[in-house]
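Trainee: Input: one structure, supplied below.
The values are calculated or read from the model by the stated rules, or taken from the named source; none is laboratory data. Note that the structure is predicted; figures quoted are calculated from it, not measured. Backbone-built Cβ (ideal geometry, glycine too); neighbour counts: all protein chains shown. Heads up: the accessible areas ignore ligands, DNA and RNA and are worked out on the full protein's heavy atoms, side chains in. Shrake-Rupley method; radii C 1.70, N 1.55, O 1.52, S 1.80 Å.
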Amino acid sequence: MTDFEAMWREIAPVGRSAATGGYLRQPWTSAEGELRAWFVEACEGRGLRVESDGLGNLVGWWEPAGSSPEDRLLTGSHLDSVLEGGAYDGPLGVVSGLAAIDRMRALGVVPRRPVGVGVFVEEEGSRFGLACLGSRLLTGATTWEAARELRDREGVFLADALEAADLPGPSADGPDLLAGVTTFVELHVEQGRALVDLGHAVGVASGIWPHGRYRFDVEGVADHAGTTRMEDRRDPMLTYAMTVLAANKAARLSGERATFGRVEVLPNGTNAVPSRVTAWLDARASSADSLDALVERITTQARERAERDGTTLTVTAESVSGPVSFDPDLVGRLATGHAGGDWPVLPTQAGHDAGVLSAAGIATAMLFVRNPTGVSHSPSEHAEVPDCLAGVDALAESLTRLST
Ligand code: HGY
Ligand code: MN
Ligand code: MN
């Protein structure tokens, strides 16, 4: 069994629901904390020096004698999952980073640069709503003052979640995990079918579509489901339902993406017209302008419907990520010069910490590993072992190219 497979087996049961096979590895909960502890142990077992920022971000550093701390090379990804997520989104990049170091050492590679494997916390934003929260805090894209006000679905503040997870929070004199990092390469399971259709096990990302998450609060008037005449109602469920249909149509007509995957109804009773419906739109588009146009179109139609229903609508942007074009030189260096031919270069509609580090000015690229069904954010997300091992080899080759 390879190092990769042994590590994969160790983490597979952590946070996995017996009922659905889905993963519940929300940040700063026991399952994700167990994975972080596993990662620290896996680093220490390899003699990597572990740095933590007190938030849950971690890096294990391989620092060969004479390697320059001013020119650090970082790989890694995230360990947290969406609700009922798959096994590969995130952890594949972390485990492959450790396995790539094993592979480089087995081949006798001695990097001239420190090589780190990183873990960024709350990449999915599945608990506090802001995507890539850990890497945004690391790069300063989000301040701690702003982030500490975030609350999860139970109303828990971020600072209290950290305390419950025995994490000290950001410390002024703590290590800057990204100090001296000049290159970042993230390996990730492909969240789509391009590599399947192209017949390649590994690909390289060209960039990330801009995307955002918007909260739609619709206020209506609670009333009796039976005695209230239909024409007398101010039913927020109607405004919500029409907005979902409008979003779907707007995305289809413009070739973009729009999803309402989360909704909360108050009081959520069977025999009452609701007082309020809150729903979250995930919108993604091929450019910043088309994202704005898509969200604008959906919001306008929602407001028109609210007018008709006598409800009031408030739309709040909770998380917005701009377009990302990865460093073309780096993409070219990773994608070309392979005996089996160039690796395909693909765009993605999925957000990643790599997008945040790229926006912070770090030369960044991503490697994708083939996903036979393309399905992600689902228990059926999958990658075959031979493709995962091809990903480890590709990452080891890439890190070697970039550090020797
Ligand atoms: O939602 C995304 O795009 C990513 O999986 N965090
Ligand atoms: Mn994801
Ligand atoms: Mn991911």
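Trainee: Taking D289 as the residue in question, decide whether it is charged (D, E, K, R), free of Cβ contacts under 8 Å to residues at least 12 places away in the same chain and within 27 Å of G125 (Cα to Cα). Please lay out each step first, then the result.
Mentor: On the way: charged (D, E, K, R): yes; free of Cβ contacts under 8 Å to residues at least 12 places away in the same chain: yes; within 27 Å of G125 (Cα to Cα): yes.
Considered against the rule, which asks whether it is charged (D, E, K, R), free of Cβ contacts under 8 Å to residues at least 12 places away in the same chain and within 27 Å of G125 (Cα to Cα), D289 comes out as yes.
Trainee: OK, next. Restricting to strands (runs of 3 or more DSSP E) lying wholly in the stretch 254-339: which have 3 or more residues that are under 19 Å from M237 (Cβ atoms), open to solvent by less than 70 Å² (accessible area, probe 1.4 Å) and modelled with pLDDT of 95 or more?
Mentor: Working: elements: 257-266, 276-284, 312-321.
Because the criterion is at least 3 residues that are under 19 Å from M237 (Cβ atoms), open to solvent by less than 70 Å² (accessible area, probe 1.4 Å) and modelled with pLDDT of 95 or more, the strands (runs of 3 or more DSSP E) in the stretch 254-339 that meet it are 257-266, 276-284.
Trainee: Within 21 Å of the chain's Cα centre (by Cα), farther than 26 Å from R49 by Cβ and within 16 Å of ligand 3 (Cβ to nearest atom): which single residue out of E186, E149, E190 fits that description? Before the answer, list the steps.
Mentor: Working: E186 fails: farther than 26 Å from R49 by Cβ; E149 fails: within 16 Å of ligand 3 (Cβ to nearest atom).
Just a single option satisfies the conditions, and that option is E190.
Trainee: Residues of the stretch 172-195 being open to solvent by less than 40 Å² (accessible area, probe 1.4 Å) and over 18 Å from L137 (Cβ atoms), which ones?
Mentor: Just the residues of the stretch 172-195 that are open to solvent by less than 40 Å² (accessible area, probe 1.4 Å), to begin with: 174, 177-178, 180-181, 183-190, 192, 194-195.
Answer for the stretch 172-195, where residues must be open to solvent by less than 40 Å² (accessible area, probe 1.4 Å) and over 18 Å from L137 (Cβ atoms): G180, T183, V185, L187, H188, V189, E190, G192, A194, L195.
Trainee: When the stretch 238-253 is examined, which residues are found to be open to solvent by 60 Å² or more (accessible area, probe 1.4 Å) and more than 13 Å from L313 (Cβ to Cβ)? Before you say what the answer is, go through the steps one by one.
Mentor: Of all residues in the stretch 238-253, those open to solvent by 60 Å² or more (accessible area, probe 1.4 Å) come to 238, 242, 245, 248-249, 252-253.
Those that are open to solvent by 60 Å² or more (accessible area, probe 1.4 Å) and more than 13 Å from L313 (Cβ to Cβ): L245, N248, K249, R252, L253.
Trainee: Looking at this structure, is D197 more than 16 Å from ligand 2 (Cβ to nearest atom) and assigned by TED's automatic domain parsing to the domain that holds E70? Steps first, please.
Mentor: On the way: more than 16 Å from ligand 2 (Cβ to nearest atom): yes; assigned by TED's automatic domain parsing to the domain that holds E70: yes.
In short, yes.
Trainee: Determine whether A317 is within 16 Å of ligand 1 (Cβ to nearest atom), touching a residue at least 40 places away in the same chain (Cβ under 8 Å) and outside the structural domain of V117 (by TED's automatic domain parsing).
Mentor: Details: within 16 Å of ligand 1 (Cβ to nearest atom): yes; touching a residue at least 40 places away in the same chain (Cβ under 8 Å): yes; outside the structural domain of V117 (by TED's automatic domain parsing): yes.
Against the criterion (within 16 Å of ligand 1 (Cβ to nearest atom), touching a residue at least 40 places away in the same chain (Cβ under 8 Å) and outside the structural domain of V117 (by TED's automatic domain parsing)), A317 qualifies.
Trainee: Oh, and also: Is there a residue being of a type in the set (G, A, S), over 30 Å from P267 (Cβ atoms) and assigned to a loop (DSSP other than H, G, I, E, B) anywhere in the stretch 207-223? Lay out the reasoning, then the answer.
Mentor: Filtering the stretch 207-223 down to residues of a type in the set (G, A, S) leaves 207, 212, 220, 222.
Those left that are additionally over 30 Å from P267 (Cβ atoms): 207.
Going one step further and asking which of them are assigned to a loop (DSSP other than H, G, I, E, B), we end up with none.
Within the stretch 207-223, not a single residue is of a type in the set (G, A, S), over 30 Å from P267 (Cβ atoms) and assigned to a loop (DSSP other than H, G, I, E, B).
Trainee: Out of (1) within 15 Å of L138 (Cβ to Cβ); (2) open to solvent by 30 Å² or more (accessible area, probe 1.4 Å), what's the single condition that is false for D353?
Mentor: Here D353 meets the rest and fails (2).
Trainee: Mind checking which strands (runs of 3 or more DSSP E) fall wholly inside the stretch 53-171 and carry at least 3 residues that are under 30 Å from V369 (Cα atoms), among the β-branched types (V, I, T) and open to solvent by less than 20 Å² (accessible area, probe 1.4 Å)? Before you say what the answer is, go through the steps one by one.
Mentor: Working: elements: 58-62, 72-77, 115-119.
Per the criteria, 115-119.
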